[in-house]
Amino acid sequence: MASQDHQAWLLEQGNIKALSREHRHGHGRTAHNMSSSSLRKKSDLRIVSKIQPGVVKSVLTNFQEVFLGTKLSVLFPAVILAIIAQVYNFGRPWVFALSLLGLTPLAERVSFLTEQIAYFTGPTVGGLLNATCGNATELIIAIFALNQNKVALVKYSLLGSILSNLLLVLGSSLFCGGIANIRQEQKYDRRQADVNSMLLLLGLLCHMLPLMFRYAAASTALSAVPTLNLSRASSFVMLIAYTGYIVFQLFTHRQLFEAEEDSEDGDDVSSEETAAIGLWSGIAWLVGMTAVIALLSEYVVGTIEAASESWGISVSFISIILLPIVGNAAEHAGAIIFAFKNKLDITLGVALGSATQISMFAVPFCVIMAWIMGIEMDLNFNLLETGSLAVAIIVTAFSLQDGTSHYMKGLVMLLCYIVIGACFWVTNIPLRECR
């Protein structure tokens, strides 16, 4: 403990190389960490290094690492512009668009900060942070939508995240990776994919039962079927399953989920061998980033219908297609980059891990939160939405069953996503009618 405090003090004073390789021994990096690191870049600290050690140097070093340590730093001005557009009423569609752009680098920085904190807390606490903050953007948007009683928006956004990860991210990764490595067979460890597929199928069952109850009630003499109670009970079951998944991932079968780092990544690996900022700085920045994400999420929820009317695009298409693409752009890009490098285990860890987290944690969490808030939210996502989810999960499970990949698998997934996107493009149902 004293050693960790000393290292944290050195880092707070601007010594960004305080942690040695030995400190990282035994800290396996997850696929999400590896994916996010592909979009990071080294900050030029030559100017900051000339400043005398002290508070000013520490603040400037942290600022440079947090804001300039990513290739998405050019999108940070969108955060300021979104706030200005909201304050001066420049137009709600502008607020919506700028807020979406601003959320892109913030989501990547949350992943970076959780990894920095893991240097000091150890891999277990770091893994728990990643398990809860990995999809913080979607979860915060959902909570603000619930607060405004927009249950349909919550369902749309969470469904869109699952579809995007399974079909768009994984499909584009397998397609691009297959084209780039067309002369060699791409292989991956199917054991991790099997675990995620089982959990996704369990989540699908929990979505299908309330839907079938509704149709059963319509065809029988039953006046009311307790789908809401079933959904709440199923949500607890899903959260128990997700807890078991976390134990499986972080403790009993941890080796299946640790991304391997090899020498060909050179600079990327060496740059991630030491912490860039201190423990308390990381915590402070994480709290600040989360607060800004919450602010922009409130803007997104409050302006999505205005943007839909202004652009002539259905709310369902914006929620299911646009929100997940923009909100997870950094993570998606990282998955595709590693597919190009023929590292499909990392790609699968990102896509399937995110989909599992949304399905088995974010969705039931929102149902329980809605219950606490006195809002009736169930797991019935309606026939069209549930059918799309079923197709996505089944196609993914079948595609990953043999442990090998080629570009044709990715192409089929992408075409499925395009067809589903076209379906929601022509579907224009107001949120108030989708409860």
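The values are calculated or read from the model by the stated rules, or taken from the named source; none is laboratory data. As the structure is a computational prediction, the values presented were derived from the model and not from experiment. Here Cβ is always computed from backbone atoms with ideal geometry, including for glycine, and neighbour counts include all displayed protein chains. These accessible areas exclude ligands, DNA and RNA; they are computed on the full protein's heavy atoms, side chains included. Shrake-Rupley method; radii C 1.70, N 1.55, O 1.52, S 1.80 Å.
Modelled label-to-label distance, TRP311 and PHE398, 7 Å Cα→beta-carbon offset: nm?
Going by the 7 Å Cα→Cβ label model, 3.2 nm.
Sort 208-217, 232-241 for me by packing, meaning the mean count of neighbouring Cβ atoms within 10 Å per residue, highest on top. Could you put the intermediate results ahead of the total?
Details: 208-217: 15.7, 232-241: 17.8.
The densest-packed peptide leads the list: 232-241, 208-217.
Label points 7 Å out from Cα along the Cβ direction at ALA233 and MET212: separation in nm?
Between ALA233 and MET212, the label points sit 1.5 nm apart.
So how far apart, in nm, are the two label points at VAL247 and PHE90 if each is 7 Å from Cα heading toward Cβ?
Label at VAL247, label at PHE90, 5.1 nm between them.
Structure shown: which of LYS150/LYS341; LYS155/LYS409; LYS71/LYS187 lie over 31 Å apart, alpha-carbon to alpha-carbon?
Checking Cα-Cα distances, LYS150/LYS341 exceed 31 Å.
Send over a whole-number figure in Å² for the accessible area per residue of the stretch 301-435, probe 1.4 Å.
Details: 4990 Å² over 135 residues.
Normalised by residue count, the accessible surface of the stretch 301-435 is 37 Å².
Could you order peptides 99-109, 75-85 by the average number of other Cβ atoms within 10 Å of their residues, highest first? Intermediate results must be reported in sequence, preceding the final value.
Working: 99-109: 24.9, 75-85: 18.3.
Averaged packing, sorted descending, gives the order 99-109, 75-85.
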